[in-house]
Amino acid sequence: MAFVLSLLMALVLVSYGPGGSLGCDLSQNHVLIGRKNLTLLGEMRRLSPRFCLQDRKDFAFPQEMVEGGQLQEAQAISVLHEMLQQSFNLFHTERSSAAWNTTVLEQLRTGLHQQLDDLDACLGQVMGEEDSGLGRTGPTLAVKRYFQGIHVYLQEKEYSDCAWETVRVEIMRSLSSSVSLQERLRMMDGDLSSP
């Protein structure tokens, strides 16, 4: 849950469109792509999570490192970009290709890549304006360590079907929260005409 709250707060800072405080022009389709990625993750389910209860794990996202209220705008963009990049990397391995339906997996990869493209311009803007070491310290480094823990977990479980199911559910939970937040932000921002 700490991971979800931290991700939500990071997204609050980066989800504003052209009228937002960041000056970043995130694609109008950014939320739609996020929703589609969530649907795809749901379609990837091969096992009942109840069957894999013995493999459940708290991946311990470091909430104290990524408290939303403490993140500066540049940090929030960097953190979100790192989360999407690490998710893309996770599902772009030979082992993940063996675990999932390749058609659905490729669609997920494409969607994550599109979201990364949306954030690349923003990341370039803030990295020029802020400390260029954002990716090597603080919250972004904590996200990298979090995903490293996921990779270690998969290795320890020998990339079993239940291990992949556990990871799929973890990533799905965070993407679900991010999509919900982005939808609420659009309504709060008065941008009801956007999809």
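The values are calculated or read from the model by the stated rules, or taken from the named source; none is laboratory data. Here the structure is a predicted model, which is why all the values come from computation and not from measurement. Every residue, glycine among them, receives a Cβ derived from its backbone with ideal geometry; neighbour counts consider all protein chains shown. The protein model used for the area step is the full one, side chains on, heavy atoms only, and it has no ligands, DNA or RNA in it. Shrake-Rupley method; radii C 1.70, N 1.55, O 1.52, S 1.80 Å.
Quick notes on this one:
- Taking first residues from segment 132-158 that are aliphatic (A, V, I, L, M) and at pLDDT 95 or above and partners that are assigned to a helix (DSSP H, G or I) and open to solvent by 10 Å² or more (accessible area, probe 1.4 Å), no Cβ contact under 7 Å between residues at least 6 apart in sequence or on separate chains turns up.
- Selection of helices (runs of 4 or more DSSP H) fully inside segment 1-105 by the criterion of at least 1 residues being open to solvent by less than 40 Å² (accessible area, probe 1.4 Å) and at pLDDT below 80 returns 2-14, 30-43, 73-90.
- Pair list, Cβ under 6 Å, 6 or more apart: segment 27-47 residue within 15 Å of Thr110 (Cα to Cα), other residue open to solvent by 70 Å² or more (accessible area, probe 1.4 Å): Ile33/Gln114; Leu40/Gln107
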